[in-house]
Each structure stands twice: as C-alpha cells, then as structure tokens.
Amino acid sequence: MKKKTFAARLASAGLALWFAMIACSLPNTASVGDLRTESHSIDLGSASTARVQIEFPAGELKVESGASSLMEGSFRYNAADWEPQVSYTQNGTQGDLLINQKDDTLPVGDRLVIQWDIQLNEEVPIELNVRTGAGTSDLDLGKLDLTGLTIETGVGVTTVDLNGVWLHDVEVSIEGGMGEITVNLPAEMGVRVEMDTALVSVTATGLTKTESGYVNRAYGAAPYTLTLKMQAGVGSVILVAP
C-alpha cells in the first residue's frame, strides 16, 4: 500500500513539475473542455514487420498485446488540441506506425484527462519505440514479438513487463529522467543488464551483480539473451527477475 501511495504522489508531483518546466516555452494554451473518446484501428496491410513509435505527452499510458490488427487503440482526452494523431505508411515489407498528439499546446485546468490504451498484435515482429513526457505508463510487452525496444521517460512512474520468451536475442534500451521505473525481466531467457545511473536507487531481485550491471541465472546457459541498457537520472529503478 505504501508503494502505491508513493507512486501516486510521485506521478502527481511529476506532472506538476513537467507542466511548470514547459509552460515557459509554450506561448499558447488549450483549455480543458468536454471529455472525448475515440478509437483507432490500423491494419498491417501487405507488410510483414512493423516499426511502431509512440510519443505520449502526459497522463496515463497503457500498451499491451491483444490486437487482431496491427494496432487497436482507445483514446480519452478533454483538451481538443491534444487530439491523438495516428499515421501509418508502408515501405516494402515494413510498416511504420506513428502515434502522437495533435500539437504541443499546454492544456490548463484542474481536470486534465489524457488516457491512451493501445493494443498491438503479438504475432507481428515489431520494433517498438516509446517516448513519454510525464505521468504513469504501464507497458505490458512480454507477449509481443519484439525485435527491438527503446523507451524514453520524462517524469513519473513507469512499469515495463518483459517477462516473455523470444526465440532470438533482444536488445532493450530504457532511458529515464526522474521518477520510478520497474522492469520485470524474462525467466527463460538469459538477461544482461548494463547500468548507467546517477542519483538513482537500484533494487535488483533475482539477479547477480556484475562489474557493469546484473545478470540472471539463465545468462550464459540459455540460447538467447535479452540485453537491457538502462540509464536513469533521478529516482529509483526496480529490476525483478523471476
């Protein structure tokens, strides 16, 4: 219960700080208005792989598997200028999906709602890039067929679930700004974590400390390895290996 309370406080403080930092650089503001809900669905088309980029400004983000098409998303927001934008192009056998916001105006008001719930297809090989500004992010990615993963977080609380099985090596890069990052790591793959942290408290469960980071029990014995390159500025990092 204490952990959830801390996370909630940290997310609220992060949002306030982030808005304060960018307010001076954004001359225009968008007023909070009626709550809107919209859905988007993107088919893969004739492509066989996909590169997905998600640029999330602030609020609550959830990404998981479960889509029958390439992507199915539900978006709730109450600032018209923060309408989500979804674009898809195809270049040969690769599809490129970009999900971002309409523009960078700053919503004002005490009832800001921005919630993105995105599902991706677990049978399509996906190179995933996620960039968040502030808030809470729940990234349940263990069932996706990831060919690569890059996550950049600003301020807030981020949970990344990578407890899956990939029949190939996977490289993951996570760069955190300020806040709490929890990463659940695979059990049946080798795991190597390379750490580059500053003012960060690191908690590692089920991992062995090395000179440059951590490894799990399967490292060196399992046929495939997940390599996590972790950078964080201020806050805490929690690594969990089953």
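The values are calculated or read from the model by the stated rules, or taken from the named source; none is laboratory data. Since the model is a prediction, treat every value here as computed from it, not as a measurement. Here the Cβ is made from the backbone with ideal geometry for all residues, glycine too, and neighbour counts use every protein chain on show. Note: areas computed on protein heavy atoms with side chains; ligands, DNA, RNA excluded. Shrake-Rupley method; radii C 1.70, N 1.55, O 1.52, S 1.80 Å.
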Under 20 Å from Asp145 (Cα atoms), without any contact (Cβ under 8 Å) to a residue 40 or more places away in the chain and touching a strand residue (DSSP E or B) at 6+ places or on another chain (Cβ under 8 Å): does that describe Ser65? no
State whether the residues of the stretch 173-188 include one that is surrounded by fewer than 20 Cβ atoms within 10 Å (Cβ to Cβ), closer than 18 Å to Thr136 by Cα and among the acidic types (Asp, Glu). yes
What strands (runs of 3 or more DSSP E), lying completely within the stretch 31-144, carry at least 3 residues that are under 21 Å from Ile181 (Cβ atoms), open to solvent by 20 Å² or more (accessible area, probe 1.4 Å) and among the charged types (D, E, K, R)? 49-65, 125-140
Taking Gly73 and the conditions (1) in contact with a His (Cβ under 9 Å, 6 or more places away or on another chain); (2) modelled with pLDDT under 95, which numbered condition does it fall short on, given that it satisfies the others? (2)
Scanning for something part of a strand (DSSP E or B), within 25 Å of Val130 (Cα to Cα) and either modelled with pLDDT under 90 or open to solvent by 70 Å² or more (accessible area, probe 1.4 Å) (or both), does the stretch 212-223 turn up at least one residue? no
Residue list for the stretch 184-211, restricted to those being in a strand (DSSP E or B) and more than 23 Å from the chain's Cα centre (by Cα): Thr208, Lys209
So in the stretch 145-161, with the set limited to residues that are charged (D, E, K, R) and more than 9 Å from the chain's Cα centre (by Cα), which one is surrounded by the most Cβ atoms within 10 Å (Cβ to Cβ)? Asp145
Note on the stretch 224-242: residues surrounded by fewer than 17 Cβ atoms within 10 Å (Cβ to Cβ), without any contact (Cβ under 8 Å) to a residue 60 or more places away in the chain and outside any strand (DSSP E or B) are Tyr224
Quick one: count up the residues across the stretch 196-212 that are free of Cβ contacts under 8 Å to residues at least 40 places away in the same chain and more than 21 Å from Gly142 (Cβ to Cβ). 11
Considering the stretch 189-201, residues that are buried (at least 18 other Cβ atoms within 10 Å of the Cβ) and among the β-branched types (Val, Ile, Thr), and then whichever is farthest from Gly235 (Cα to Cα), we arrive at Val191
